[in-house]
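Engineer: I'd like to ask some things about the structure below.
Only the coordinates and a few stated rules stand behind these numbers; no lab work does. All values derive from a computational prediction rather than experimental measurement. A quick note on method: Cβ atoms are made from the backbone with ideal geometry, for glycine too, and the neighbour counts reach across all protein chains shown.
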Amino acid sequence: MSIQGFMKRTRWCGELRKDDAGKTVILNGWVHRVRRFGRLVFILLRDRTGLVQVVVRKGSPAFDAAKKLQPEYVVAVKGTVRERPPKEVNPEMPTGEIEVIAEELQILSTSKPVPIPIHDESLMSTTSEAVRLRYRYLDLRRPKMFRNILMRAKIVAAMREYFDSLGFIEVETPYLARSTPEGARDFLVPSRLHPGKFYALTQSPQLFKQLLMIAGFERYYQVARCFRDEDPRADRQPEFTQFDVEMSFVTREDVMEVVEGAMKHVLKKVFGEDIETPFPRLTYWEAIRRYGSDKPDTRFGLELRDLEISEGTAKRYLVVEGGKGITEYLAAEAVKVSGEHGVRVDVITEGDLSTYGAESGDAVIVAEGDYLSVSEALGRLRLSAASKLGLIDKTRRSFIWIIDFPLFEIDKETGKLAARHHPFTSPNPEDIHLLDKEPLKVRSLAYDLVLNGEEVAGGSIRIHDKELQMKILRMLGLSEEEAMNRYGFLLEALDYGPPPHGGIAFGLDRLVAVLLGEPTIREVIAFPKNKDMADPLTGAPAEAPEEYLRDLYWLQIKL
Ligand code: ASP
């Protein structure tokens, strides 16, 4: 029988129920499992909606083909739905009350034994990520992975629906562009037609969305890919997706309110959950003081406390109730964290702990050093202790805004002033007078949205005053010429009636991962790169064909 003439599905596997009993159906799908007995073959048939049991009896015209089946063969089955007798009902399966008695069966394609245990999630723990990514199309056949990618699509659809309803316009901006700085290295693309010149892949649509505001679009969004050539770091991808938003004539509060509405809509529409808005707000320094992090996990307490604070050094601590039981673990974590943050950390479990407000059986973690490093070190130990002691309620969704970030920070490598967010973020007007004398004290109009201890969105009100923008760029060490050279197109546009504007970008991969409770963004990206930023499936990055390099003839000089 030609494949062209295959029997086309009339129903989906996962949707058959008791009231379909007696109906004739055609199913298309993959053999999830097959069990053969002398007179019977049981097939668990899978399509993207789920599984259903198909029974082939000896004597059925389908029997010969059924005997040949192996897992992951692709078949078309015609049969009659039958209600299972009570003792054969499988309550674990949504389709467990019925089965399909096969009358015809076509094998549409065969499969080698698969290197991924698609049929048994419990075996996944022994499957390496390298194998999963090498055979991603098989990994994505797992119902769990399909669900992740499906939920991602639903979340994006709900976001679009919400922003569309508020009059936002979806606009695509270039990927091949001039450098758009977000604090990472650019991926460069050599231009064949302009020898020696490069496009930079956009690190974010930041400058283009600002230009759209100057163009009078008022409300924009885009599902945008962003490219950042960063060193491999925890759970980053060289390309990732932002749900990017910009609005004109708004204050910080307006943007935050729109974002809260978006989260409310997504949670309701996709998860059927009601969440409370507005979300709590914490200033950056309050977050550091209480949680030792600018993306605090507020699903549990365990707040940091002060012991002694003096000019230049701070002694702060954390009381871990019942922490004595995990002393060794805490001590090991303390050593790690102490090294990484360059502070002294002690874990105390013996003696009189009452000065710390602790009791016997508790652990007190004391850290000493500069205020920020001490707080961040304790912030990390706070997370380790909470997860080890099971204090984190995984069913909770804890949103919180962090506001009043410092506008600048000192770049660790260069020792120079750097933008904490990006150079187009507006200083808080109340702090403008500090710009010249105490720039590190200037607060910005930036805001981050944190969910369960992960940053899921970040944005700011932008500078729309050319003089101020030039001044900030100067403070960041750019000469007038350099500023014009890099951002001339934006600076020039600021001469032509820029409206006050601001916006935000959701890290879509991260948002989806946190909402689905997945530990890494690789679980919610169909074809991610591995931790070394390579793709084991396609073999990217790869050598370029010789003739390409020849065409980019300036490259030949160096080869
Ligand atoms: N462009 C910013 C970023 O990528 C987000 C924003 O300010 O809207 O973080």
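Engineer: Of Lys268/Lys394; Lys416/Lys466; Lys264/Lys388; Lys18/Lys87, which pairs sit farther than 20 Å apart, going by alpha carbon to alpha carbon?
Structural biologist: Details: Lys268/Lys394 18 Å; Lys416/Lys466 23 Å; Lys264/Lys388 31 Å; Lys18/Lys87 15 Å.
Violating the 20 Å Cα-Cα cut-off are Lys416/Lys466; Lys264/Lys388.
Engineer: OK, next. With r as the distance between the Cβ atoms of Glu83 and Phe271 and R0 = 35 Å, compute the FRET efficiency 1/(1 + (r/R0)^6) and round to 0.05. Could you put the intermediate results ahead of the total?
Structural biologist: Values: r = 33 Å, r/R0 = 0.94.
Result of the calculation: an efficiency of 0.60.
Engineer: Oh, and also: Assuming R0 = 51 Å, can you tell me the calculated FRET efficiency for the pair Val74 and Arg233, based on Cβ-Cβ distance, to the nearest 0.05?
Structural biologist: 0.80
Engineer: What are the semi-axes of the equivalent ellipsoid for the range 388-449, taken as the square roots of 5 times the Cα gyration tensor eigenvalues, largest first, in whole Å?
Structural biologist: 31, 16, 10
Engineer: Using the reciprocal of the averaged 1/r over all distinct C-alpha pairs, how large is the Kirkwood radius of the range 1-160 in Å?
Structural biologist: 16.7 Å
Engineer: Let me ask something else. If you line up the long axis of helix 480-493 against the longest principal axis of the chain, both from Cα atoms, how many degrees apart are they, to the nearest 10?
Structural biologist: Between the helix axis and the principal axis of the chain, the angle is about 60 degrees.
Engineer: Can you tell me, using C-alpha contacts under 8 Å and at least 6 residues apart, the relative contact order of the chain as a whole percent?
Structural biologist: Relative contact order of the chain: 12 percent.
Engineer: Neighbour counts of other C-beta atoms within 10 Å: give me Glu239, Glu170 arranged from fewest to most. All intermediate terms of the calculation are to be shown ahead of the outcome.
Structural biologist: Numbers: Glu239 16, Glu170 11.
Placing the least packed residue first, the sequence is Glu170, Glu239.
Engineer: Rounded to a whole number of µm²/s, how large is the Stokes-Einstein D of the range 475-535 at 10 °C and 1.306 mPa s, given Rh as the Kirkwood radius over C-alpha pairs?
Structural biologist: This corresponds to a translational diffusion coefficient of 101 µm²/s.
Engineer: Tell me which residues come under 5 Å, amide H to amide H, from Leu108 once H is placed; ignore anything under 5 positions away on its chain.
Structural biologist: Val74, Val75, Ala76
Engineer: For Tyr548, put the label point 7 Å out on the Cα→Cβ axis and report which residues of the range 193-230 keep their amide N under 19 Å from it.
Structural biologist: 193-202, 227-229, by backbone N distance to the label point.
Engineer: Under the rule of -39500 (n - 2.57) per DSSP H run of 4 or more residues, summed and divided by the residues of the chain, what mean residue ellipticity at 222 nm is obtained, to the nearest 500 deg cm²/dmol?
Structural biologist: So the helix-based figure for the chain works out to -8500 deg cm²/dmol.
Engineer: Now a separate question. Give me the tail of P(r) for the chain as a percent: Cα-Cα pairs with distance above 38 Å.
Structural biologist: That tail contains 46 percent of the Cα-Cα pairs.
Engineer: Check which residues have an amide H placed less than 5 Å from Arg281's amide H, if you skip close sequence neighbours.
Structural biologist: So Arg281 has HN proximity to Trp401.
Engineer: Within the P(r) computed for the range 165-233, what percentage of the Cα pairs occupies the region above 20 Å?
Structural biologist: In whole percent, the share of Cα-Cα pairs in the range 165-233 beyond 20 Å is 39.
Engineer: How much net charge surrounds Ala418 when only other residues with a Cβ under 10 Å from its Cβ are counted (Lys, Arg +1; Asp, Glu -1)?
Structural biologist: Working: positive: Lys412, Lys416, Arg420; negative: Glu409, Asp411, Glu413.
Spelling it out: positives minus negatives among the neighbours equals 0.
Engineer: Please tell me the relative contact order of the range 210-267 in percent, rounded to the nearest whole number, where contacts are Cα pairs under 8 Å and at least six residues apart.
Structural biologist: 34 percent
Engineer: State the Cα centre-to-centre distance between the range 82-152 and the range 295-355 in whole Å.
Structural biologist: Going from one Cα centre to the other spans 46 Å.
Engineer: For Ser444, which sequence-distant residues (separation of 5 or more, or a different chain) have an amide H within less than 5 Å of its own amide H, given hydrogens modelled in the peptide plane?
Structural biologist: Answer set, sorted by chain and number: Phe405, Leu407, Asn428.
Engineer: Going highest first, how would you order 106-116, 146-156 by mean Cβ packing within 10 Å?
Structural biologist: On the way: 106-116: 13.5, 146-156: 16.3.
Averaged packing, sorted descending, gives the order 146-156, 106-116.
Engineer: Mind ranking 301-309, 84-92 by how tightly packed they are, going by the mean number of other C-beta atoms within 10 angstrom, highest first?
Structural biologist: Highest to lowest by the protection proxy: 301-309, 84-92.
Engineer: Tell me the Kirkwood radius of the range 375-524: reciprocal of the mean inverse pair distance over distinct alpha-carbon atoms, in Å.
Structural biologist: Result for the range 375-524 stands at 17.7 Å.
Engineer: Further question on the same structure: Please give the length that would be gained between Phe489 and Thr414 if that part of the chain were fully extended, namely 0.36 nm times their separation in residues minus their C-alpha to C-alpha distance (nm, one decimal). Let's see the in-between values first.
Structural biologist: Values: separation 75, 0.36 × 75 = 27.00 nm, distance 2.71 nm.
Full-extension gain reported as 24.3 nm.
Engineer: Let me ask something else. Along the Cα→Cβ direction, 7 angstrom out, place labels at Glu129 and Thr355. What is the inter-label distance in nm?
Structural biologist: About 4.4 nm separates the two model spin labels.
Engineer: Let me ask something else. Computed on alpha carbon atoms, what radius of gyration and Dmax characterise the range 229-377, expressed in Å?
Structural biologist: 19.9, 60
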